[in-house]
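Quick note: the coordinates plus some simple rules give every number you see, no bench work behind them. Please read these numbers as outputs of a predicted model, since none were measured by experiment. Here the Cβ positions follow ideal geometry from the backbone for every residue, glycine too, while neighbour counts run over all protein chains shown.
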Amino acid sequence: MSEKVTFLDKTFVKYISSEEIDDAIARVASDIMLEYRYDDPIMLITLNGAIVFAVDLLKRLDFPCRITCVKLASYSGTESSGTINQLIGLSEDIRGKRILILEDIVDTGATYIHLHKMLTEAGAKDVRIATMTMKPDAYKADLPVHYVGINIPNKFVIGRGLDYDGYGRNLPDIYQVISE
Ligand code: IMP
């Protein structure tokens, strides 16, 4: 893959290699196995961004679990709008179940707070989160983030499921914006 990519008005430079991301996901998968292997948890994928991470992670989990999806949107271009729109809701009965949210990135934490509240109100026994990447400097929530693949600075990134107005999700490496 090339060192630089351009989508619409923005150029991005390669920032984290596919191999480094794979290693981080393997580490997160081992930690999740230790915690959940006897608990029959539900893995909750947040569409669309977390699909790529979820596929890479789930195939490494060698224990019974179920998968469900919700679709939320908070970003417009490279900025969080601060408002969470729920586009597809929860279709499963999750009462008494352990839920692990799978995210591509935790930024301000607004999406996580929204989901945590929704899942707790729906009767989940316990709600945790596993995220491929996290921006600790942007995080404003009090909730713990349990499993983090790679911490990154507070700059916009694409690749591995992360997008800029829908572009870049299919890039195997992560790219950082260079023209903001
Ligand atoms: P939060 O609600 O502020 O934590 O933001 C979470 C959501 O914002 C993620 O699921 C992404 O959809 C989006 N997001 C945050 N930072 C980035 C980024 O650097 N690139 C692409 N999407 C991002």
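Which whole-number percent gives the relative contact order of the stretch 2-59, counting Cα pairs below 8 Å spaced six or more residues apart?
28 percent
Mind listing the phi-derived Karplus ³J(HN,Hα) values for the stretch 136-143, rounded to whole Hz, using 6.51, -1.76 and 1.60 with θ = phi - 60°, and x for any glycine or proline?
Those phi angles translate into x, 6, 9, 6, 10, 8, 8, 5 Hz.
With θ taken as phi - 60° and the coefficients 6.51, -1.76 and 1.60, list the Karplus ³J(HN,Hα) couplings across the stretch 9-26 in order, rounded to whole Hz; mark glycine and proline as x.
9, 10, 10, 10, 10, 4, 10, 10, 6, 4, 5, 5, 5, 4, 5, 5, 5, 4
Please list, in order, the residues from the stretch 5-40 whose amide nitrogen is less than 14 Å from a point placed 7 Å along the Cα→Cβ vector of residue 155.
Of the residues in the stretch 5-40, 5, 11-17 have backbone N under 14 Å from the label point off residue 155.
Cα-based count: Lys pairs in the chain below 15 Å, eight or more positions apart or different chains?
The result is 7.
Only Cα pairs under 8 Å and at least 6 apart count here; give the relative contact order of the chain as a rounded whole percent.
The normalised contact order for the chain reaches 27 percent.
State the antiparallel share, in %, of DSSP beta bridges confined to the chain, rounding to the nearest 5.
45 percent
Restricting to Cα pairs below 8 Å that are 6+ residues apart, what does the relative contact order work out to for the stretch 96-180? Please round to a whole percent.
Once divided by the residue count of the stretch 96-180, the mean separation gives 25 percent.
Hey, can you grab everything whose amide H is under 5 Å from the amide H of residue 149? Only 5+ residues off in sequence or another chain; H modelled, so Pro and N-termini drop out.
It is 131, 132, 133, by chain and number.
Report the rotationally averaged projected area of the stretch 123-180 based on its alpha-carbon convex hull, in square nanometres.
For the stretch 123-180, the mean projected area of the Cα convex hull comes to 5.6 nm².
When the Debye formula is applied to the Cα atoms of the chain, each taken as the same point scatterer, what base-10 log of I(q)/I(0) results at q = 0.09, 0.14 Å⁻¹?
Per q value, in the given order, log10 I(q)/I(0) is -0.30, -0.73.
Of 91, 72, 162, which is farthest along the charge dipole of the chain in the positive direction, counting Lys and Arg as +1 and Asp and Glu as -1 at C-beta?
91
Please work out the C-alpha center-to-center distance from the stretch 85-140 to the stretch 1-23 and express it in whole Å.
About 27 Å separates the Cα centre of the stretch 85-140 from the one of the stretch 1-23.
At 222 nm, what helix-only mean residue ellipticity would the chain give, in deg cm²/dmol to the nearest 500, using -39500 (n - 2.57) for each DSSP H run of four or more?
-7000 deg cm²/dmol
Just to confirm the filter: which chymotrypsin sites (Phe, Trp or Tyr not before Pro) across the stretch 1-56 are DSSP coil and have at most 10 other Cβ within 10 angstrom of their Cβ?
38
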